[in-house]
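This report concerns only the one structure given below.
The values are calculated or read from the model by the stated rules, or taken from the named source; none is laboratory data. If you're wondering where the values come from, they're calculated on a predicted model, not measured in any experiment. Quick reminder, even Gly has a Cβ in these numbers, built from the backbone with ideal geometry, and neighbours come from all protein chains shown.
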């Protein structure tokens, strides 16, 4: 008997997605991405001069990510400022995005990516990566591909995609496993793989496959959001 | 004065826009634009096997065999012979440092000033905060060197500057400066459009300056329409009737 998801979704069904670009007019590029109740915004500044100068790399540019939760994004107020968790996620976000960006075109410069979570309901790092990848495209940065990301889960023995906080805390049977992945949309390269919990080796490939399929759905949404932004620019404003 | 500025525009123009709507489509990074050995990857694209793949978000355009991307968003990427509008940020021993809104600040050597200047009197000609229109004459790694020698270049006095998205500049200039000339005629303002997206406007009254700014922002907001010139004409009609 398969587990029933509390919001009635099928195992391979995503939460409703909202994607939008141009939410921060001051930034060179910006995007909002939401999986259900998880909302992330990302703003991209640059390429611009990197200070301090000793961090400059004359052979390629630097991508600098900053991820954080806003203090009202979770039930118990999150103390503002960097924490061990947000620093780690900033770093893995950076690593997830770097394979997609042509950094060698910007020697001695930096591209700053700021990601903030407005509201958290699991999968915040993945929503952040989706938003950041759209924001980078919006900023006109040359990229190999867009990056799509989501959290695959295993509830007891069932593999499901895009898990919520409630599902993350699932405790029956084998419990819950949370596998965050990021993938370059048009290739089979994964740029982020993180896991909390346990999974059987033979199930792992199924989980990746389910994730890759869901990523292609996310890619379509990202693509649509980017393209629609140009169409609305043409007609009225 | 008007003619001088026009010539500066034409020299700095990377590509003309407008009326050539042909077959453009919106692409995102990683998207396959066309398939076939015959096509050549132009700016903003790469070849991947048989496919030409986009590496930028923008409009894909096929001109003959070459496929390239016209960017719609993004920071200013300096190129040689671009005319830019900048602001003096520092005075050094041998020249001025100029903020041109790119990844690196530009340098204007004292030798590139149209006339001989004594080192002690640099401030009298260009002080910190002054706005200039200048041309990029060399570009080496992180050094951008500017020159003021050329028609339409020099210090910009009175008026004000504002910023638009740099990739919209070709639209604002129009074919051989047609769009910016139209706006100049209709508002009676002097306008200098820098390739870096900084625009300087100076006119008889503040009202006409603001009108020019609004017209330019209107043009910059329309990226995906043809017959922009007529649209701007009717925009001016509306604005005149309204006031």
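At a glance:
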{"read-out": "Selected residue [within 18 Å of the chain's Cα centre (by Cα) and free of Cβ contacts under 8 Å to residues at least 24 places away in the same chain] from A:44, A:23", "value": "A:23"}
{"read-out": "Only one of A:227, A:183 that is under 21 Å from the mean Cα position of the chain (by Cα), within 14 Å of chain B (Cβ to nearest Cβ) and part of a strand (DSSP E or B)", "value": "A:183"}
{"read-out": "Unique residue being in contact with a strand residue (DSSP E or B) (Cβ under 6 Å, 6 or more places away or on another chain) and closer than 27 Å to residue A:56 by Cα when the list is B:60, B:106", "value": "B:106"}
{"read-out": "Filter pass, residue B:226 being in contact (Cβ under 8 Å) with a residue 24 or more places away in the chain and touching a strand residue (DSSP E or B) at 6+ places or on another chain (Cβ under 9 Å)", "value": "no"}
{"read-out": "Some residue of region B:133-140 being outside the structural domain of residue B:170 (by TED's automatic domain parsing) and more than 20 Å from the chain's Cα centre (by Cα)", "value": "yes"}
{"read-out": "In region B:37-54, the residues that are assigned to a loop (DSSP other than H, G, I, E, B), more than 8 Å from chain A (Cβ to nearest Cβ) and in contact with a strand residue (DSSP E or B) (Cβ under 8 Å, 6 or more places away or on another chain)", "value": "B:39, B:42, B:43, B:50"}
{"read-out": "Neighbours by Cβ (under 6 Å, 6+ apart or cross-chain): first from region B:103-124, at negative phi; second assigned to a helix (DSSP H, G or I)", "value": "B:117/B:110; B:117/B:125"}
{"read-out": "Residue satisfying all of: in region B:1-36; modelled with pLDDT under 85 and under 21 Å from residue A:223 (Cα atoms); nearest to the other protein chains (Cβ to nearest Cβ) among these", "value": "B:24"}
{"read-out": "Sole exception among (1) touching a strand residue (DSSP E or B) at 6+ places or on another chain (Cβ under 7 Å); (2) crowded, with 24+ Cβ neighbours inside 10 Å; (3) at the interface with chain B (Cβ under 9 Å from one of its Cβ atoms) for residue A:110, by number", "value": "(2)"}
{"read-out": "Residues being farther than 17 Å from residue A:224 by Cα and surrounded by fewer than 16 Cβ atoms within 10 Å (Cβ to Cβ) - total across region A:12-36", "value": "4"}
{"read-out": "Filtered residues of region B:178-219 (kept if surrounded by fewer than 20 Cβ atoms within 10 Å (Cβ to Cβ) and within 14 Å of chain A (Cβ to nearest Cβ))", "value": "B:214, B:217, B:218"}
{"read-out": "Candidate set from region B:141-168 (those that are in contact with a helix residue (DSSP H, G or I) (Cβ under 9 Å, 6 or more places away or on another chain) and without any contact (Cβ under 8 Å) to a residue 40 or more places away in the chain); member that is farthest from residue A:27 (Cα to Cα)", "value": "B:149"}
{"read-out": "Count - residues of region B:120-132 that are under 20 Å from the mean Cα position of the chain (by Cα) and surrounded by fewer than 19 Cβ atoms within 10 Å (Cβ to Cβ)", "value": "1"}
{"read-out": "Where residue A:140 falls short, out of the listed (1) out of contact with any helix residue (DSSP H, G or I) (no Cβ under 9 Å at 6 or more places or on another chain); (2) buried (at least 24 other Cβ atoms within 10 Å of the Cβ)", "value": "(1)"}
{"read-out": "Test: residue in region A:152-166 that is in a helix (DSSP H, G or I), farther than 30 Å from residue B:68 by Cα and under 17 Å from the mean Cα position of the chain (by Cα)", "value": "yes"}
{"read-out": "Considering residues of region B:157-171 that are in contact with a strand residue (DSSP E or B) (Cβ under 7 Å, 6 or more places away or on another chain) and modelled with pLDDT under 90 only, the residue surrounded by the most Cβ atoms within 10 Å (Cβ to Cβ)", "value": "B:167"}
{"read-out": "Test for residue A:227: is it at pLDDT below 95, closer than 21 Å to residue A:135 by Cβ and touching a strand residue (DSSP E or B) at 6+ places or on another chain (Cβ under 7 Å)", "value": "yes"}
{"read-out": "Residue in region A:134-146 that is at pLDDT 95 or above, more than 13 Å from chain B (Cβ to nearest Cβ) and more than 30 Å from residue B:144 (Cα to Cα) present", "value": "no"}
{"read-out": "Test: residue in region A:188-196 that is crowded, with 23+ Cβ neighbours inside 10 Å and not in a loop (DSSP other than H, G, I, E, B)", "value": "no"}
{"read-out": "Qualifying residue in region A:204-221 (condition: modelled with pLDDT of 95 or more, within 14 Å of another protein chain (Cβ to nearest Cβ) and farther than 25 Å from residue A:168 by Cα)", "value": "yes"}
{"read-out": "Per-region count, region A:68-105, residues surrounded by 18 or more Cβ atoms within 10 Å (Cβ to Cβ) and over 17 Å from residue A:181 (Cβ atoms)", "value": "8"}
